[in-house]
Amino acid sequence: MGRPRRTSAGAVTGFVLRLVRESIPLTQAGLAEALGVELDTLQGWESGRRPLANMRAGALLNLRRRLPALGADAALVQWLDAAMDADRIIDAGLGGDTGGPHPLAVWVHTRDTAHMLAWALNGAVPPALAGRLPRPRRGPVAVAPQLAPAEQTVSFDHLRATTEQAAAQGTAGALLHRQALYLASYDRGPDAAAWTAHTLHRRRDLLARRGWSPHWAEARSTATALARLGDPQPLLDFIDRPLPTTTPPRPRT
């Protein structure tokens, strides 16, 4: 069976843009007119056929500034960045061309990005958006940017495989390993949960370290992911263990 390809590379971003438009509120035709773009262009943005991430930086910045001026919910507009990050990470998992290293290996994604990915991968609505979502409507209108089941399966398989490959890279793969493993913990499948729990428990040695270390961020992610799987004690212990406060030595004169 071949790997499914996303027909809409900017689907998560497009869904958030639709929420932004509806917060004004304007129809697609109304917003296209207000922005001075063709209706087909706006429809392409919302469907993901024309990813916002492919826009020129200046044009994207102008769009982000104009939407609140038109009356859009400014908090929703801010989520466009996390949505674009989520789309890029998902595309990497589904075989898209990211144009370089894996996106999880080159920058530290934010909590908002993780929430966007969870929304797409398992339907978990970001807490900050829970009160901003439109009521379900009749007809073929998406109520979440959730991937199709086959895409979800491939995405989580990719995250698990990436975790294993990054672990073999040692320190060079530390960021990729930490972030791929953390996102893999969002998988709600019974088999996947067992794999995730086993992999996380192999990293429990990080949780025993006192104070700050180069692995502090990985320890935090490990504890958080274990809590999501029903084992909150490592996270509670991590929170109770403060970082040491040290004063750097004064330079000699």
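How long are the semi-axes of the equivalent ellipsoid of the range 146-198, taking √(5λ) for every eigenvalue λ of the Cα gyration tensor, in whole Å from largest down?
Semi-axis lengths for the range 146-198 are 21, 12, 8 Å.
What does the C-alpha gyration tensor say about the overall shape of the range 28-67? Classify as rounded when a/c is under 1.5, otherwise prolate if a/b is larger than b/c, or oblate. Provide the component values of the computation, followed by the final result.
Values: a/c = 2.17, a/b = 1.13, b/c = 1.93.
Judged from the Cα gyration tensor, the range 28-67 comes out oblate (a/c at least 1.5, b/c at or above a/b).
How big is Rg to Rh over the range 1-82, alpha-carbon atoms, Rh as the Kirkwood inverse-mean-distance radius?
In the range 1-82, Rg relative to Rh is 1.00.
Heads up, I need the accessible area for TRP195: 1.4 angstrom probe, whole protein in place, Å², nearest 10.
About 60 Å², ignoring ligands and nucleic acids.
The values are calculated or read from the model by the stated rules, or taken from the named source; none is laboratory data. Just so it is clear, the structure is predicted and the values come from calculations on it, not from any experiment. Please note that ligands, DNA and RNA were not included when accessible areas were found on the heavy atoms of the full protein model with its side chains. Shrake-Rupley method; radii C 1.70, N 1.55, O 1.52, S 1.80 Å.
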